[in-house]
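Trainee: I am attaching a structure below and will ask some questions about it afterwards.
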Amino acid sequence: MVRPLSMDLRERAVARIAAGESVRKVALALSVAPSSVVKWTQRLRATGSVAPGKIGGHVPPKIAGTHRAWLVARTAAAFTLRGLVAELAGRGLRVDYRTVWTFIRREGLSFKKTVLASEQNHPGVARKRGRWKTLQGRIDPRRLVFIDETWAILRQAQDEYGAVARVGSARSAPAGTGSPDTGRP
């Protein structure tokens, strides 16, 4: 972690500024950035000291207190993270997606989707599923054709010009223009 520059250096820089030297001359003479000299003089004017401010520390969670209690109770029912962000905004707490995700993860809360989609309970979908299940037994297995496409991940089989091994050429290779990687100039 970066440590603040010494008090001695800060005091010398501010003293030289008070003596009338320019910021850039002081920065060059002390081998620091001009912005550092400017910030030290601003800090001296604002606080009366050139001492560095606090670095690091614990950042309290944004979702706490009544919002935390509400959110824990809310996650008992089905939810989406984006939906929770919108609901929290409606309750006066503006947080982003990552903040809600971190809270849910830290608290051990989650909503797992079931194996069966909730749309299956819809009357129209249920009717079509029932019809499909009854008709499924009437299909003659000898008439079915199975195509094994597990091998056909073409991107893995292409060379640098787009040619596919043992299948043919996806596109013709560029004729000596540009780099061999992209074919663009």
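Trainee: MET1 versus (1) modelled with pLDDT under 95; (2) surrounded by 10 or more Cβ atoms within 10 Å (Cβ to Cβ); (3) over 30 Å from GLY90 (Cβ atoms): which is the lone unmet condition?
Mentor: (2)
Trainee: Still on this structure: For LEU28, state whether it is touching a Phe, Trp or Tyr at 6+ places or on another chain (Cβ under 6 Å), aliphatic (A, V, I, L, M) and without any contact (Cβ under 8 Å) to a residue 24 or more places away in the chain.
Mentor: So LEU28 fails the test.
Trainee: Scan the range 42-59 residue by residue and report those that are surrounded by 10 or more Cβ atoms within 10 Å (Cβ to Cβ) and assigned to a loop (DSSP other than H, G, I, E, B).
Mentor: SER49, VAL50, ALA51, PRO52, listed by residue number.
The values are calculated or read from the model by the stated rules, or taken from the named source; none is laboratory data. Computed from a predicted model, the values in this text were never measured in an experiment. Because the Cβ atoms are built from the backbone with ideal geometry, glycine has one as well, and the counts that use them run over all protein chains shown.
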